[in-house]
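Here is the structure we will look at, set down as structure tokens.
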Amino acid sequence: MDIANLSAIDIHTHAEISCWNPFDNYGEEYDRAADKYFRSSRRPTIQESIDYYRERKIGLVMFGVDSESNLGRRRIPNEEIAEAAQKNSDIMIAFGSVDPHKGKMGAREVRRLIEEHGVKGFKFHPTVQGFHPYDRMAWPLYEVIAEHKLPAIFHTGHSGIGSGMRCGGGLRLEYSNPMHLDDVAIDFPDMQIIMAHPSFPWQDEALSVATHKPNVWIDLSGWSPKYFPKQLVQYANTLLKDRILFGSDYPLITPDRWMKDFQEAGFKPEVMPGVLKDNAVRLLGLK
């Protein structure tokens, strides 16, 4: 990443459409529910997302979510995202996503993605993937990530995926309680853990774990900053100012909207550069 020419780094963007595989419309009702929840229907290709971010001089970390076991929906290939990152290395970093239910086979994939495709971290979504982060089923994957001292992003809190669907689409919010990451942070101190999103309704739990465990970070994606809980802004301005990260959740929320609201959300001027870029530079080892 050419960090000198970037105004910010968005740690949380999604690959939505594969140009390698045909579109899998199985489970598309989850997309429609998310569109309604976020009031967005934007579904760009990977290259369209890259072009959007390059125009704004914002770096991006992009990933898919492998939920093949729980939702039965074909994932976007990790290799496709990794190849795009290699071709656009001035602005983009690829994270992988491997369903923890794949066990040792999943751990082999994690290793291959790191060692052969240059993937720089991983994304887990406990609610959509249907697992508790502390479940030892996921340990083989964490072990490889920790061995390479790479970060892992975990969705925390309420999920816009499934919101409003009958039975919430069968997705259990409890899987994404941030307190479940406490055990993971203890057993894998060499894996930097990023709690994604303001963790409604468990914001205090998230702040507690992040304050207590120095390998835990928080990204601010998935919400407009004007709706952030007061205590999240307070901790971002003080005890956690070095471990708070800008993330949008693009394309569901755009960085344009996020940054506009960020300016008015009560963050101290001296804290803003760290949130927008400098903390991510340290986390990702870009300097």
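Laboratory data are not the source of any read-out in this text; all were calculated from the coordinates shown. Since we're looking at a predicted model, the values are computed, not measured. Using ideal geometry, Cβ is built from the backbone for each residue, glycine included, and neighbour counts are taken over all protein chains shown.
Taking percent of Cα pairs over 28 Å apart as calculated from this structure, the corresponding entry among (i) 44; (ii) 29; (iii) 57 is (ii). For segment 211-224, the Karplus equation 6.51 cos²θ - 1.76 cosθ + 1.60, evaluated at θ = phi - 60°, returns couplings of 5, 7, 10, x, 9, 10, 10, 10, 9, 9, 7, x, 9, 5 Hz by residue, with Gly and Pro reported as x. Derived scalar couplings between HN and Hα for segment 180-187 equal 5, 7, 4, 4, 5, 5, 6, 7 Hz in order, rounded to whole Hz, by the Karplus curve 6.51 cos²θ - 1.76 cosθ + 1.60 (θ = phi - 60°), x for Gly and Pro. Among E109, E16, E48, the largest mean-square fluctuation in a Gaussian network model of the chain, built with springs joining Cα atoms closer than 10 Å, belongs to E48.
Mark the label point 7 Å from the Cα of R39 along Cα→Cβ and return the residues of segment 197-236 whose backbone N is within less than 17 Å of it. Answer for this model: 222-228. Listed from fewest to most Cβ neighbours within 10 Å, the set C19, C167 follows the order C167, C19. Close amide-amide hydrogen proximity is noted between D242 and no other residue 5 or more places distant or on a separate chain, at a cut-off under 5 Å (H modeled in the peptide plane; Pro and chain starts excluded).
Computed from the C-beta positions of S224 and D187, the FRET efficiency with R₀ = 41 Å rounds to 0.75. When the Gaussian network model of the chain links Cα atoms closer than 10 Å, the mean-square fluctuations of H212, H12, H180 top out at H212. Leaving out same-chain residues fewer than 8 places away, which lysines sit with a Cα under 26 Å from that of K277? Once the sequence-local lysines are set aside, what remains near K277 is K57, K87, K120, K123, K149, K213, K226, K230, K241, K260, K268, K287. Summary value for the chain: 19 percent relative contact order, contacts being C-alpha pairs under 8 angstrom separated by 6+ residues. In terms of surrounding Cβ atoms within a 10 Å radius of their Cβ, V61, V216 rank from fewest to most as V216, V61.
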